[in-house]
Amino acid sequence: MKENEWITKEIPNKINYYLIGEGKPLLLLHGFAEDATIWTNQIKFLSSRHKLILPDLPGSGISKEYLPALSTTIEDFAMLINEIIMAEKIEQFSFLGHSMGGYVALAYAELFPEMLNGFGLIHSTAYADSAEKKEIRTRSIEFIEKHGSLPFLETMIPGLYSDPFIREHKDVIQNHISMANSFNLHVFAAYYEMMKNRPDRRLVLESFTKPILFIIGTEDKAVFLKDSLEQSHLPVDPHIEILDGVGHMGMIEVPDKVNKALENFMMLM
Ligand code: MLT
């Protein structure tokens with residue numbers, strides 16, 4: 001497989017994913033209202049040295065037709081990731097998840113710690129949703145059902161980026177909104193439901209003995225800085241990258257800094 005060549009693979013009727021590059025296996029998992037293209041800046045940089053595995057979760061991107069049910073769980077997604085790893089005959093790998101993708105990485109680390117060389121939370125958290133956050137998700141779903149996805153996304157997506165980035169990169173925000181607006185709106189309800197139901201996984205951070213990466217944006221409004229800093233001191237072997245002035249989307253807001261942090265982390269593997 002050539003560097004930067006995107007090969008599409010499938011677990012039939014369940015999930016589609018991309019394979020790109022050769023080298024140490026690294027799985028990158030997107031978050032809510034995203035797909036694997038969210039990693040475009042990292043793919044160019046990492047695929048010359050790594051075998052990248054990039055799933056699109058059921059309901060997202062090239063897995064759009066596999067609609068998750070309201071009863072689907074974050075653990076179901078972790079099991080699906082393991083099906084990919086088994087299908088690719090990968091013995092050990094590193095797993096980095098952005099936000100909701102990080103919730104899946106934590107569930108995976110709980111279920112299959114021996115499969116991982118290390119994992120990372122990119123703007124993500126091991127804390128469960130607070131009662132207030134659950135309530136906001138419930139109200140968001142009601143809003144989407146009444147008004148459709150677009151007005152919701154037009155408010156939600158800019159909130160993921162830092163204010164200066166929004167002012168200077170209106171095209172990026174618009175592209176992100178357009179991509180997310182192609183989702184079936186039931187997918188948003190299913191994703192919110194599974195995030196509401198996920199447990200606190202700080203114990204996974206404490207018990208995992210290999211490296212854990214934390215990428216933290218000081219202006220992140222989706223994952224609070226205080227929680228990010230607190231959880232990053234729980235593991236035995238934490239690697240912490242704090243991105244000053246950055247929101248929830250470091251991979252896009254400051255790709256060079258994120259690429260360097262990912263490369264340094266992968267050197268440990
Ligand atoms: C994400 O980016 O995946 C979401 O912000 C996660 C969340 O809402 O908790």
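The values are calculated or read from the model by the stated rules, or taken from the named source; none is laboratory data. Since the structure is predicted, the reported quantities are computational estimates derived from the model, not experimental observations. With ideal geometry, Cβ positions are generated from the backbone for all residues, glycine too; neighbour counts draw on all protein chains shown. Side chains are part of the model used for accessible areas, which takes the heavy atoms of the whole protein and leaves out ligands, DNA and RNA. Shrake-Rupley method; radii C 1.70, N 1.55, O 1.52, S 1.80 Å.
Leu106 - would you say it is at negative phi, open to solvent by 50 Å² or more (accessible area, probe 1.4 Å) and in contact (Cβ under 8 Å) with a residue 24 or more places away in the chain?
no
Which of the numbered conditions does Leu229 fail, given that it passes all the others? Conditions: (1) open to solvent by 50 Å² or more (accessible area, probe 1.4 Å); (2) in contact with an Asp or Glu (Cβ under 8 Å, 6 or more places away or on another chain).
If we test Leu229 against (1) open to solvent by 50 Å² or more (accessible area, probe 1.4 Å); (2) in contact with an Asp or Glu (Cβ under 8 Å, 6 or more places away or on another chain), just (2) comes out false.
What's the total number of residues in the range 215-239 that are in a loop (DSSP other than H, G, I, E, B) and over 16 Å from Leu160 (Cα atoms)?
Matching residues across the range 215-239 total 6.
Considering only residues of the range 76-119 that are closer than 20 Å to Glu241 by Cβ and assigned to a helix (DSSP H, G or I), which is farthest from the ligand (Cβ to nearest atom)?
Ala109
Against the conditions (1) at pLDDT 95 or above; (2) at negative phi; (3) surrounded by fewer than 18 Cβ atoms within 10 Å (Cβ to Cβ), where does Lys89 fall short? Just the number, please.
Condition (2) is where Lys89 drops out.
All but one of (1) closer than 30 Å to Asp200 by Cβ; (2) out of contact with any Gly (no Cβ under 8 Å at 6 or more places or on another chain); (3) among the small types (Gly, Ala, Ser) hold for Gly23; state the number of the condition that does not hold.
(1)
For the range 127-150, enumerate the residues that are away from the ligand (no atom under 12 Å from the Cβ) and either outside any helix (DSSP H, G or I) or open to solvent by 50 Å² or more (accessible area, probe 1.4 Å) (or both).
Once the filter is applied, which keeps residues that are away from the ligand (no atom under 12 Å from the Cβ) and either outside any helix (DSSP H, G or I) or open to solvent by 50 Å² or more (accessible area, probe 1.4 Å) (or both), the range 127-150 yields Ala131, Glu132, Glu135, Arg139, Glu142, Phe143, Glu145, Lys146, His147, Gly148, Leu150.
Taking strands (runs of 3 or more DSSP E) that do not extend beyond the range 1-75, which have at least 2 residues that are in contact with a strand residue (DSSP E or B) (Cβ under 7 Å, 6 or more places away or on another chain) and open to solvent by less than 30 Å² (accessible area, probe 1.4 Å)?
Correct list: 15-20, 24-29, 50-56.
Looking at (1) touching a strand residue (DSSP E or B) at 6+ places or on another chain (Cβ under 8 Å); (2) open to solvent by less than 30 Å² (accessible area, probe 1.4 Å); (3) within 19 Å of His30 (Cβ to Cβ), which is the one condition that is false for Asp220?
(1)
Please enumerate the residues belonging to the range 175-184 that are surrounded by 16 or more Cβ atoms within 10 Å (Cβ to Cβ) and assigned to a helix (DSSP H, G or I).
Across the range 175-184, the qualifying residues are His176, Ile177, Met179, Ala180, Asn181.
Only one of these conditions is not met by Glu263: (1) among the acidic types (Asp, Glu); (2) away from the ligand (no atom under 16 Å from the Cβ); (3) open to solvent by 40 Å² or more (accessible area, probe 1.4 Å). Which number is it?
Every condition holds for Glu263 apart from (3).
Those residues that are open to solvent by 30 Å² or more (accessible area, probe 1.4 Å) and more than 22 Å from Thr72 (Cβ to Cβ), I need them from the range 185-217; list them, please.
Within the range 185-217, Arg202, Leu203, Glu206, Ser207, Thr209, Lys210 meet the criteria.
What about Ile122, is it within 16 Å of the ligand (Cβ to nearest atom), surrounded by 14 or more Cβ atoms within 10 Å (Cβ to Cβ) and farther than 30 Å from Pro238 by Cβ?
No, not satisfied.
When only residues in the range 245-261 that are touching a helix residue (DSSP H, G or I) at 6+ places or on another chain (Cβ under 7 Å) and among the hydrophobic types (A, V, I, L, M, F, W, C) count, which is farthest from Ser228 (Cα to Cα)?
Ile252
Please work out which residue is farthest from Leu185 (Cα to Cα), limiting yourself to the range 34-52 and to residues that are away from the ligand (no atom under 16 Å from the Cβ) and of a type in the set (Val, Ile, Thr).
This residue is Ile43.
Which condition from (1) open to solvent by 30 Å² or more (accessible area, probe 1.4 Å); (2) within 29 Å of Lys221 (Cβ to Cβ); (3) of a type in the set (A, V, I, L, M) is the one that Met79 breaks?
Among (1) open to solvent by 30 Å² or more (accessible area, probe 1.4 Å); (2) within 29 Å of Lys221 (Cβ to Cβ); (3) of a type in the set (A, V, I, L, M), the lone unmet condition for Met79 is (2).
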